[in-house]
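Have a look at the structure below before the remarks.
The values are calculated or read from the model by the stated rules, or taken from the named source; none is laboratory data. This one's a predicted model, so the numbers in the text were calculated from it and none came from an experiment. Counting neighbours? That spans all protein chains shown, and the Cβs are built from the backbone with ideal geometry, glycine included. Just so you know, the surface numbers come from the protein's heavy atoms only, side chains and all, with ligands and any DNA or RNA stripped out. Shrake-Rupley method; radii C 1.70, N 1.55, O 1.52, S 1.80 Å.
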Amino acid sequence: MQIKYTNFDGNWDDDCQFCGNPHRNHQVDLGELDGVRYIHRQPCPEEQRRITKQHIIRANTVRAVITLYEIVIYFWNKIPFKGEAKLIFSILKSAYAGTRGILYYWFMYRKRK
C-alpha cells in the first residue's frame, strides 16, 4: 500500500512551531482510496488561532479598502461640472503649449538677427 501526505512536505518528527509537539501528533488518517492511504496534517489549536487571526485581518483590510473606494466615488460624483472642467483644462493646456511654442520660436528668431 502506498501512503500519500496531502498538505505537509516537512519532517514529521520536527517540532511544531506553534505548540512544540511533533508534527506526527497532528496527523489525521483520511482513509484509503484506490490502494493509496492519505494522511493529512491537521493544524493545532494555536495554529488555527493564527490562521483565523490572519483571515480576520485580511477581511477587515479588504472591507476598509472597499469602503474608502466607495467614499471616494461618492464624493467624486458630487463634484459638479466635471466634464466642463476637464474640457476647460484641456483648452488651457493646449493654449499654454501653443503660447510657449510661439514665444520660444520668437525669441530664437530674435537672437539670430
Where the chain is the region considered: accessible area per residue in Å², 1.4 Å probe: 88 Å²
Segment 12-17 - phi-based ³J(HN,Hα) in whole Hz, Karplus 6.51/-1.76/1.60, Gly and Pro as x: 5, 8, 5, 7, 5, 6
The chain: angle of helix 45-78 to the longest principal axis, Cα-based, in degrees nearest 10: 20 degrees
Of [x] 32; [y] 65; [z] 17, the label for percent of Cα pairs over 25 Å apart derived from the coordinates: [y]
Furthest towards positive pole of dipole, Ala85, Ile102, Thr67, structure part segment 62-113, Cβ charges: Ile102
With every protein chain in place, segment 1-110: carbon and sulfur % of accessible area (1.4 Å): 62 percent
On Cα atoms only, tilt of 82-112 relative to the major axis of the chain in degrees: 60 degrees
Amide H partners (placed H, <5 Å) of Arg37, local residues excluded: Gln2, Ile3, Lys4
Fraction of beta bridges assigned by DSSP in the chain that are antiparallel (%, nearest 5): 65 percent
J(HN,Hα) series, segment 2-11, from Karplus relation 6.51 cos²θ - 1.76 cosθ + 1.60, nearest Hz, glycine and proline x: 9, 10, 10, 8, 7, 9, 9, 10, x, 7
Packing-based order for 65-72, 21-28, 47-54, using average beta carbon neighbours within 10 Å, highest first: 21-28, 47-54, 65-72
Point-charge dipole on Cβ atoms (K/R +1, D/E -1) for the chain, about Cα centre, debye to 20: 1920 debye
